[in-house]
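Beneath this line is the structure, given in structure tokens, with notes to follow.
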Amino acid sequence: MRFLLVIAALTMLFSVALSQYDEKHRQQIHFSPPSMWMNDPNGMVYHNGEYHLFYQYYPKDTVWGPMHWGHAVSRDLVRWENLPVALAPDKLGYIFSGNAVVDVNNSAGFKNSQNLPLVAMFTYHDPDGDKAGRTDYQYQAIAVSNDNGRTWSKYDKNPVIPNREKLRDFRDPKVFWHEETKRWIVSLAVGDHIRFYSSENLKDWALASSFGKGIGAQTGVWECPDLFPLKVEGTNETKWVLLVSINPGSPLGGSATQYFVGDFDGKTFRSSDPPQTIRWLDYGRDNYAGVTWTNAPKGRTIFLGWMSNWDYAQQVPTSPWRSAMTLPRDLSLKKTPNGIQLFQTFSKEVDSLRSSPMFRVGGKTVEGKLALGRSQQPMADILLEFDLSKSTSSEFGLEASNGAGESMRIGYDARSKILYTDRSKAGKADFSDKFVKGRHPSSRKEQKPLLKLRLIFDASSVEVIADDGETAFTDTFFPSEPLTTFGLYSEGGPARLLSARGWRMKSIWR
Ligand code: FRU
């Protein structure tokens, strides 16, 4: 047994050491595993100065398989240290998504050292039950770490929430401490709705309520819920946000994340919107299964998503790893003419990755093309401001290109008033006929005279935040050479550029 453990540890160390994070398409400012398959972020908890990131991981292949929890930690949210696998499958099943909390009051009684215990809650998925056609093959379990997340022991009386009702989809626990009722609350995804359970000790759980049947986007399976409170900016009001990932069901196909804004009294969540309202967290195609960090410092609500889409995640042309996470984003709530909306900005730690300035341009009229700048590497942080009231162009935007004639466009279509990304000419796309689809339906419902965009490029992705956080979209692409030339374009008339600033960015792995 000890011999096997040594071999396992050496294999892990070796694979970490072998990866230089310099392969083609390898993300330089986003977390990705050293090798093999990754999907959802899991167990995100801030504790003792460290942000923990666990993730759905299959250490033996670059496609989905028996799920483990991979593990990395960061002190600054952007530079990551890879650690050994935290949880591996056992006779109860694969380790599906879930989260982790700090059990400050030792409510579960797991404390056995000076350290505060971390308790992870996750779904067991029993592949044999699935194959045998049963529907009770997913149930919830817990594990504890008394050494700041370095090693984990599963609870010997798992599962803590069995699947007596034989619910086919019954997964992705996200636990938090509800101070007012002095109880742990867990949200669980159950096919077409969310259930909330409560507990005093993380072991004994009682059903509190359910939410969502017939509400919001319903064309796919609900997954990875996350319920958290946020102050509505500029008021004393607190609202609760419920994130729910759905697959399929995205407006452009495959995976996407919707959210609800409402109230939660410790038992029941009620949305403030009419049932048919659908709000998307991100209008791009590659931001799924994202949730927020537990215990983030200074009352921050920090989100991280999986930067892929089940439509093609297992076919993307990367090796020896697949998938990356989004950049961390701080969430807030604001009143808008379209009701209370979730806003997101890149977490301020991302700014520390800026290196040399690439361009700074002000007050220009763009007609046709306007070169901005070049870099050696594809990572770039770009701020753009356009005056729509002085633009008659039918569409304009930013283009990132390479010498091989490939380009990625992020633009504004003035005729239909949508922001879009266009990856149809951005490189390899033949690995899946679902990869390139039309433009994003991210309409700017409220017409503002200014259009502000922040775009962050990496080797194979762009994340866009528009209108100071009101709209976000995230997309991956796979060019044959890095896209390192940046410029503006305007078609069908001039566009008025107020300012454009760009910075090169440093790799987090060097
Ligand atoms: C979401 C998801 C979760 C599940 C996990 C399995 O992408 O399907 O519902 O727990 O992935 O890897």
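The values are calculated or read from the model by the stated rules, or taken from the named source; none is laboratory data. Everything numeric here is computed off the predicted structure, so don't read it as measured data. A quick note on method: Cβ atoms are made from the backbone with ideal geometry, for glycine too, and the neighbour counts reach across all protein chains shown. We work out accessible area using only protein heavy atoms, side chains counted, and drop any ligands, DNA or RNA first. Shrake-Rupley method; radii C 1.70, N 1.55, O 1.52, S 1.80 Å.
Can you return the lysines within cross-link range of Lys231? Criterion is Cα-Cα under 18 Å, with same-chain partners fewer than 8 residues away left out.
Within the straight-line limit of under 18 Å, Lys231 reaches these lysines: Lys239, Lys298, Lys334, Lys335.
How large is the helix-only mean residue ellipticity at 222 nm for the chain, computed as the sum of -39500 (n - 2.57) over DSSP H runs with n ≥ 4, divided by its residue count, in deg cm²/dmol to the nearest 500?
-1500 deg cm²/dmol
Assuming 1.002 mPa s and 20 °C, estimate D for the chain with Stokes-Einstein, Rh taken as the Kirkwood radius over Cα pairs, in µm²/s.
91
Cross-link partners among aspartates and glutamates for Lys369, C-alpha distance below 13 Å, same-chain residues fewer than 8 apart left out?
Glu395, Glu399, Glu491
Treat each spin label as a single point 7 Å out from the Cα along the C-beta direction, and report the Leu207 to Lys24 distance in nm.
In this crude spin-label approximation the distance works out to 5.2 nm.
Quick one: Kirkwood hydrodynamic radius for the range 349-505, alpha-carbon pairs, angstrom, one decimal?
Over the range 349-505, the inverse of the mean reciprocal pair distance is 15.6 Å.
Positive end of the dipole of the range 349-505, charges at C-beta (+1 Lys, Arg; -1 Asp, Glu), about the Cα centre: which of Gly411, Thr484, Leu450 has its Cα farthest in that direction?
Comparing the listed Cα positions along the dipole, Leu450 ranks first.
Take a quick pass over the range 407-510 and tell me how many lysine pairs come in under 19 angstrom between Cα atoms, counting only ones 8 or more apart or on separate chains.
Here the count comes out as 7.
Using a simple charge model, +1 on the beta-carbon of Lys and Arg, -1 on the beta-carbon of Asp and Glu, nothing else, what dipole does the chain show about its Cα centre, in debye to the nearest 20?
For this selection, approximately 480 debye.
Mind listing the phi-derived Karplus ³J(HN,Hα) values for the range 49-55, rounded to whole Hz, using 6.51, -1.76 and 1.60 with θ = phi - 60°, and x for any glycine or proline?
x, 10, 8, 8, 10, 9, 7
Between Arg134 and Asn236, what is the FRET efficiency for a Förster distance of 45 Å, r being their Cβ-Cβ separation, to the nearest 0.05?
0.35
Give the accessible surface of the range 31-346 per residue, rounded to a whole number of Å², with probe radius 1.4 Å and ligands, DNA and RNA excluded.
Spelled out: the 1.4 Å probe surface of the range 31-346, per residue, equals 36 Å².
Between Ser319 and Asn148, 0.36 nm times their residue separation minus their Cα-Cα distance comes to what?
Stretched out fully, the Ser319 to Asn148 stretch lengthens by 58.4 nm.
Provide the per residue accessible area, probe 1.4 Å, for the range 349-505, rounded to a whole number of square angstrom.
On a per-residue basis, 39 Å².
May I ask you to list the chymotrypsin sites (Phe, Trp or Tyr not before Pro) in the range 395-449 that are in a DSSP loop and have at most 11 other Cβ atoms within 10 Å of their Cβ?
none
Tell me the label-point distance for the pair Lys348, Lys335, using the 7 Å Cα-to-Cβ offset, in nm and rounded to one decimal.
About 2.6 nm separates the two model spin labels.
Need one number: nm distance between label points at Glu367 and Asn112, each 7 Å from Cα along Cα→Cβ, rounded to one decimal.
7.6
Ignoring any ligand, DNA or RNA, what whole percent of the accessible area of the range 31-346 comes from carbon and sulfur when the probe is 1.4 angstrom?
Taking all protein chains in place, the range 31-346 shows 48 percent carbon and sulfur surface.
Any chance you could give the angle, 0 to 90 degrees and rounded to 10, that helix 2-18 forms with the longest Cα principal axis of the chain?
Taking Cα atoms only, the helix is inclined about 10 degrees.
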